[in-house]
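The values are calculated or read from the model by the stated rules, or taken from the named source; none is laboratory data. Because the structure is predicted, anything quoted here is derived from the model rather than measured. Positions of Cβ are generated from backbone atoms using ideal geometry, with glycine treated the same way; all protein chains shown enter the neighbour counts.
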Amino acid sequence: MSSNQNNKVSPTKEVTIFCDGSSLSNGREVARAAAVALLGYRGTWKAVGEYIGNATNQQAEIVAAAIGLEKLREPCRVKIFSDSRYVIETMMGRFRRKANHRWWERLDNAAKPHRIEWSWTRGHAGHPIQEAVDTAARRIAASGTAEDSILRHAEETVGNRETGNL
């Protein structure tokens, strides 16, 4: 677990974010990539998504974490869950950044105001919130646009789950 320690203000809101990226035809010239995050606060979940076009799966995973953090309007204590060891281990300082520097810069900027706990969760293991972001990311990548209906479906799938029992 790692936190950003340079915050001067102690955040009071605790938010949980599940994020996932998807790249159809990963690594090929015409990859179709998307990123989705579900933000949970006091049992209410809000989905955000972005179609990013030609990007790798690693890049989509980085963007997924960034868009979740970018949606927060004030400094928060954040628990981020991702099935990307690449994102989690890099943000915890255990992997070196050898590539994707502009993508990492976006995530670094989004993370600055928050105190973050980075947690890996197994993908495709039946966790309802992780499955919801995975499905939404794949659907957005396939459709080529972050349609509201896809994001609303992710929110409805999760319902009013409290974040305390994750």
Look through Val158, Val133 and report the one residue that is at pLDDT below 95 and buried (at least 18 other Cβ atoms within 10 Å of the Cβ).
Val158
Within segment 12-61, restricting attention to residues that are surrounded by fewer than 22 Cβ atoms within 10 Å (Cβ to Cβ) and of a type in the set (Asp, Glu), which residue is modelled with the lowest pLDDT?
Glu29
Is it true that His124 is touching a helix residue (DSSP H, G or I) at 6+ places or on another chain (Cβ under 8 Å), closer than 23 Å to Leu24 by Cβ and part of a loop (DSSP other than H, G, I, E, B)?
yes
In segment 136-152, which residue that is of a type outside the set (Lys, Arg) and touching a Ser or Thr at 6+ places or on another chain (Cβ under 8 Å) is surrounded by the fewest Cβ atoms within 10 Å (Cβ to Cβ)?
Ile150
Restricting to segment 110-127, name every residue that is surrounded by 14 or more Cβ atoms within 10 Å (Cβ to Cβ), over 12 Å from Met92 (Cβ atoms) and either in contact with a Pro (Cβ under 7 Å, 6 or more places away or on another chain) or among the charged types (D, E, K, R) (or both).
Pro113, His114, Arg115
Tally the residues that are closer than 17 Å to Gly40 by Cβ and of a type in the set (Val, Ile, Thr), restricting the search to segment 65-111.
3
In segment 83-102, residue farthest from Ser25 (Cα to Cα) [restricted to those that are under 13 Å from the mean Cα position of the chain (by Cα) and surrounded by 14 or more Cβ atoms within 10 Å (Cβ to Cβ)]
Met91
